[in-house]
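As structure tokens, the structure follows; a few thoughts come after it.
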Amino acid sequence: MIVPNRIAVSPMAQYSADRGCPTDWHFQHLGALAVSGPGLVFIESTSVEPQGYGCSACLAMHDDEQERALSQLVQRLRAVSPAMLGLQIGHSGRKASARLPLDGNGPLPLDEGGWQVFGPSAISCGGGWPVPQELDEAGIARVRDAFVATASRAARLDLNLLELHGAHGYLLHSFLSPVSNQRRDAYGGSPENRLRLVREIVVAVRAVWPEERALGIRLNAQDWVAGGLDLADTIGIAAALKEAGCDYVCVSAGAISSEAKIPFSAGYLAPYAAEIKRSAGISTIVTGGVHDPHQAEAIVATGQADGVAIARAFLDDPRWTWRAAQALGQSVDYPFQFMRAHPQRWPLAPPRAAEPVEETSRRRVLS
């Protein structure tokens, strides 16, 4: 898979779907980001079944109406940008049935319109969240089949890449972590058993996802909580999932429980991505507060990751790719409609001086 550059727009929930379908908001949001030249644009995490919605306004693709709506969104994005397009699919598990951000986040009780949440074990993620119902064998089969069905629908869309959400304390991550998975059957206990469902889903999704399109998974670097997954565990998971059919890992972080203490700072996950890439032998994309073009350049140029997934910096400045090119003394294609704002054609363009970049690291993020 060849992308124009190593910059990805990270999947960002917009809480603006209508019955799981994208709306005009999604097109303006993703379209505005795509036209500034990132190599890859991810559509936000999309639920594989009704029980997996994070909140009532999350994207989903488990019925025909949702598939048609997402297909139309992809077609509209193709019409305005040559960027590669990816879709992240997932299941919120025990963190499902949440209030909308405007309503304060937190769990939405059943008597206020919430729905039953599920997990590998009957263990709450804390912070007032309900105890999930432990998935039985039939429930595990239902979830596995739901991932495969959504992947099959995604294969009919004009997408370049599919990513499974196995991080942030959601269902797949909660099966991987001993903090949330205390089952005594074939899907719990040993690391191999805790990996079983995710491995089965990867194998089954790979079987229906076209061979020429990339398949990846987002994983937490570690759990940052006592008794949870550490970096060595994540390396083992990444290596096993590469063997199962994953082409890359997106290295991220998110709370497996309310007790997790994540040491957030700009680019803090890059060393973890480097070790996963080296030890598991798999391509990596890294998230984690990257917002400075020189830092993004250094991460890619020094081989810590094969790409950077940027979220809030793109929300702050949808033209972030242009700013990166200017800062690194490079150029990217502008849509002809915006050429009047190109710094070579706009005498009043604000200066963005390029800082020195080591010869060995120049221009990697943009090529």
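None of the figures in this text is laboratory data; all of them are computed from the coordinates on show. This structure is a prediction, so every number in the text was calculated from the model and none was measured. A quick note on method: Cβ atoms are made from the backbone with ideal geometry, for glycine too, and the neighbour counts reach across all protein chains shown.
Relative contact order of region 109-192: 28 percent, from C-alpha pairs under 8 Å at least 6 residues apart in sequence.
Here the Karplus relation 6.51 cos²θ - 1.76 cosθ + 1.60, evaluated at θ = phi - 60°, turns the backbone of region 175-190 into coupling constants of 6, 6, 8, x, 5, 10, 10, 10, 5, 10, 9, 5, 10, x, x, 5 Hz, with x for every Gly and Pro. Straight-line reach from Lys242: taking Cα to Cα under 16 Å and skipping same-chain neighbours fewer than 8 places apart, the lysines in range are Lys277. Shape analysis of region 228-298 places it in the oblate category; the axes a ≥ b ≥ c from the Cα gyration tensor give an a/c of at least 1.5, with a/b not above b/c. The alpha carbons of region 7-361 give a radius of gyration and a Dmax of 20.2, 68 Å, in that order.
By definition, a body whose alpha carbon gyration tensor gives a ≥ b ≥ c is oblate when a/c is 1.5 or more and a/b is not larger than b/c, and region 87-191 fits this oblate description. Alpha carbon centre of region 321-351 versus region 231-302: separation in Å? Going from one Cα centre to the other spans 31 Å.
Here Lys261 is the anchor, and the lysines within straight C-alpha reach of less than 22 Å, apart from those fewer than 8 places off in the same chain, are Lys95.
By the compact-protein rule of thumb, 2.2 N^0.38 Å, the alpha-carbon radius of gyration of region 268-319 corresponds to a ratio of 1.13. Per residue, the chain reaches -10000 deg cm²/dmol at 222 nm when only DSSP H runs of four or more residues are counted, each adding -39500 (n - 2.57). Expressed in Å, the radius of gyration and Dmax of the Cα atoms of region 9-94 are 12.2, 38.
Neighbour counts of C-beta atoms inside 10 Å place Phe175, Phe314, Phe264, Phe336 in the sequence Phe336, Phe264, Phe314, Phe175, starting with the fewest.
Listed from fewest to most Cβ neighbours within 10 Å, the set Val198, Val48 follows the order Val198, Val48.
As a rough footprinting exposure proxy, the listed residues Lys242, Lys277, Lys261 were ranked by other beta carbons within 10 Å of their own, and the order from fewest upward is Lys261, Lys242, Lys277.
Near Gly267, the amide H atoms lying under 5 Å from its own belong to Gly289, Val290; only residues 5 or more places off or on other chains count, and H is placed 1.01 Å from N.
Net charge of the neighbourhood of Leu159, taken over other residues with C-beta under 13 Å away and scored Lys/Arg +1, Asp/Glu -1, is 0.
Amide H to amide H distances under 5 Å link Gln133 with Val117, Phe118, Gly119, where only residues 5 or more positions off or on other chains count and H is placed in the peptide plane. Pull out a ≥ b ≥ c, the square roots of the eigenvalues of the alpha-carbon gyration tensor of region 178-320, then state rounded if a/c is under 1.5, prolate if not and a/b is larger than b/c, and oblate in the remaining case. Cα axes put region 178-320 in the oblate bin.
Near Tyr187, within a Cβ-to-Cβ distance under 14 Å, what is the net charge of the other residues, with Lys and Arg +1 and Asp and Glu -1?
It works out to a net charge of +1.
Neighbours of Gly20 by Cβ distance under 11 Å: Lys/Arg scored +1, Asp/Glu scored -1, total -4.
Using R₀ = 22 Å, calculate the FRET efficiency as 1/(1 + (r/R₀)^6) where r is the Cβ-Cβ separation of Arg340 and Gln28; round to 0.05. FRET efficiency, Arg340 to Gln28: 0.55. By the combined test of axial Cα extent (at least 24 Å) and Kyte-Doolittle hydropathy (mean at least -0.5), the qualifying DSSP H helices of the chain come to 137-155, 191-208.
With 0.36 nm allotted per residue and the present C-alpha distance subtracted, the Leu315-Arg278 stretch has 10.2 nm of extension available.
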